[in-house]
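Reviewing the structure listed below.
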Amino acid sequence: MGAAAAASLRDLVQKRERSRERVAGGATAAARLRRLDESAQIILFERGEHISFANCGLPYYIGGVIQDRGRLLVQTPEAMKRRFNLDVRVRSEVIAVHTGKRAVTIRRADGELYEESFDALLLSPGAKPIVPPIPGIGSERIFTIRSIPDTDRIQAFMEERSVRRAVVVVGGFIGIEMAENLTRRGIEVTLIEAAPHVLAPFDADTAVHVERELADNGVRLALGDGVESFAERAGGIDVILKSGSKATADIVILAIRVAPDTGFLKDSGIALGPRGHILVNERMETNVEGVYAVGDAVEVKHFVLGTQASIPLAGPANRQARVAADNIAGIPSKYRGTQGTSILKIFGMTAASTGANERALKQIGRPFRIVHLHPASHATYYPGASPIALKLLFDDDGRILGAQAFGKDGVDKRIDVIATAMRLGGTIHDLAELELSYAPPFSSAKDPVNMAGFAAQNILRGLTDVWTPDEWENFDPDRIQLVDVRTEAEHLKGAIPGSVNIPVDELRDRMDELDPSKPVWVYCQVGVRGYTASRILAQAGFRVRNLTGGWKSYSAARFRPDHNRG
């Protein structure tokens, strides 16, 4: 911001906002600026027709869950003008930023170009879908899903054609939501993901729960297999995969990754990251004084890792917009980073995460520990309780690094509690001590969050050592004794190969069946009885480890979708 603008918002001649039809960022900043100064001249530029819409609701509109298209429009230009006295210019694309002379070039819908000067500039260009150069990708049966016009085109196509089969490419958040909502319309869906698992923010041991839920609801999954080409055929389109297999569909939805829509900033002097994201400081200001940026097009600090990251989420984008608006108005404000707290509905289930996952921690060489739990959503004696698969990542100092959860009920509040503790600098000891609301219909006296803290404390205090399901690949039966401490009936229903069954209630009397010179790995159904067994054995002099999450985590990790299932 220039010296004059810093002195008074009345000197803020124009505030520019360039939006690529995104719900978060620009409109939020404009409204905040108006609330801070009634006399400032604020201009908002939008390339399309819609300045603020619920893009997260697009799949649910296609699925018929949201039936009124107008409900997707968070704000209209007319409403923003009436409420906030903004100069809203739709169908007006900012095609260049001239930081030297503090001006932008705008192209109207009729092609006419003109310039506007500014004292302060806020950029919220959003992101655009990546359309890879795959043979056949120009087919009229292939659509991207990013905006209301995209949605309108998909709806029109499905109403005009008889759509019975759909292929969704890439299993990210939007891809999975599209798979669910197309299935809801009675359409047979195949979901294709080149990576080994869906949902990159989640580790494999949580993603498999999502994959099972998709498969159980009839979605065909092709994982670890990318698209080689598309080929039109009579009445449909073939999607040929790199493995040589093929999926035939009437419509293809590309829900693939997005790229920052920052091409217009070339030669502007505004610094961009290696992938084209706008680089900003904690004030959301670029390297050019008085030029700010927010939303999907920016790189920010990862709250847990401390590295630069692009995490396109609506909540962080809105907070970034508030920070930027405050600083433009002369109110010191800082954005402390994004930790990636997110949630997803998958048919009747929910998946949520916050912070870092294993992959991200390994990439920066950050040591971490893991606990898996399978607590009930509320007291089991009260009707309707359902299990939650909860994973907690933490370090040797007790700092919480991340958490993931999957279940039918209560997933959201557990991840939100952990996310809040992380944001406030809490540790696993704080999770153990949290006083959370309890009544049988809502939780248990020991809430799942408390239980995660207890389990992590037991590890850090040396009361137990754990092993994880992926360590089974290195299991050597000649070197390690594997003991199932569940009941005989449970063991007979399914057990880890090579394990012997000694129920925990018989362990003290049958300890002589074990060789004290060899390590003992124990497991139970969810880890609780295994912990008790590990304490009995450890105090008898055995070197023992307990499978965190128990048989439930082990068996879940071995789920492999059948491409022909459904």
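The values are calculated or read from the model by the stated rules, or taken from the named source; none is laboratory data. Worth saying up front: this structure is predicted, and the values here are computed from it rather than measured. Don't worry about glycine lacking a Cβ; one is built from the backbone with ideal geometry, like all the others, and counts go over all protein chains shown. Accessible surface is based on the protein model in full, side chains and every heavy atom, while ligands, DNA and RNA are left aside. Shrake-Rupley method; radii C 1.70, N 1.55, O 1.52, S 1.80 Å.
Data for the structure
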read-out	value
Per residue, in Å², the accessible surface of the stretch 152-233 once ligands and nucleic acids are set aside, probe 1.4 Å	38 Å²
Modelled FRET efficiency - R0 25 Å, Ala109 with Arg69, Cβ distances, 0.05 increments	0.70
Descending principal axes extents, the stretch 441-566, alpha-carbon based, whole Å	49, 37, 27
Extended-chain gain in nm, criterion 0.36 nm per residue less alpha-carbon gap, Ile364 and Ile343	5.1 nm
Centre separation in Å (Cα based) which lies between the stretch 385-399 and the stretch 129-190	35 Å
Unit charges at the beta carbon, dipole of the stretch 47-158: most positive-side option, Gly138, Thr76, Thr105	Thr76
Potential lengthening between Val131 and Gln308 on full extension [0.36 nm per residue; Cα-Cα distance subtracted]	61.2 nm
Order by protection proxy (mean Cβ within 10 Å, highest first), peptides 44-55, 466-477	44-55, 466-477
Integer Hz, Karplus 6.51/-1.76/1.60 couplings in order for the stretch 341-358, x for Gly and Pro	5, 8, 8, 8, 8, 10, 6, x, 10, 9, 10, 8, 8, 8, x, 8, 9, 4
Helix-only mean residue ellipticity at 222 nm for the chain, each DSSP H run of n ≥ 4 adding -39500 (n - 2.57), per residue, nearest 500	-7500 deg cm²/dmol
Inter-probe distance in nm under a simple model that places probes 7 Å from Cα toward Cβ, at Ser162 and Ser386	3.6 nm
Calculated SAXS-style log₁₀ I(q)/I(0) at q = 0.13, 0.21, 0.28, 0.31 Å⁻¹ - the stretch 364-412, Debye, Cα scatterers	-0.39, -0.73, -0.98, -1.09
Karplus-derived HN-Hα couplings along the stretch 491-500 (A = 6.51, B = -1.76, C = 1.60, θ = phi - 60°), whole Hz, x at Gly and Pro	4, 5, 6, x, 8, 6, x, x, 8, 9
Accessible solvent surface per residue of the stretch 442-566, calculated while the other protein chains remain in place, 1.4 angstrom probe, Å²	50 Å²
Over 15 Å [Cα-Cα, the stretch 294-344], rounded percent	44 percent
Gain on full stretching of the segment that runs from Ala194 to Asp416 - 0.36 nm per residue minus C-alpha separation	76.9 nm
Cys56/Arg336 FRET efficiency (R0 25 Å; Cβ-Cβ; nearest 0.05)	0.60
Dipole of the stretch 262-381, positive end: most advanced residue of Val294, Gly306, Val280 [Cβ charges, Cα centre]	Gly306
Only Lys, Arg (+1) and Asp, Glu (-1) charged, at Cβ; the chain dipole about Cα centre in debye	940 debye
Zone residues, the stretch 192-227, relative to Lys242, backbone N less than 20 Å from point 7 Å out along Cα-to-Cβ	192-202, 204, 221-227
Apportionment of accessible area to carbon and sulfur, the chain, percent (1.4 Å)	49 percent
For the stretch 305-429, size of Cβ-based charge dipole, Lys and Arg +1, Asp and Glu -1, in debye	160 debye
Distance (nanometres) between label positions extended 7 Å along Cα→Cβ at Asp478 and Glu282	5.7 nm
Computed over the stretch 167-326, Kirkwood Rh from alpha-carbon pairs, angstrom	18.0 Å
Charge context of Asn281, other residues only, Cβ under 13 angstrom, K/R +1, D/E -1	0
Integer Hz, Karplus 6.51/-1.76/1.60 couplings in order for the stretch 437-452, x for Gly and Pro	4, 9, 7, x, x, 10, 6, 10, 4, 9, 5, x, 5, 4, 4, 4
Over the chain, relative contact order from alpha-carbon pairs under 8 Å, at least 6 apart, %	12 percent
Heavy-atom surface of the stretch 71-144, accessible at 1.4 Å and reported per residue (Å²)	51 Å²
Hull shadow area, averaged, the chain [alpha-carbon convex hull, nm²]	29.5 nm²
Antiparallel DSSP beta bridges within the chain, percent to nearest 5	55 percent
Dipole of the chain [Lys/Arg +1, Asp/Glu -1 at C-beta], most positive-end residue of Pro375, Ala200, Asn85	Asn85
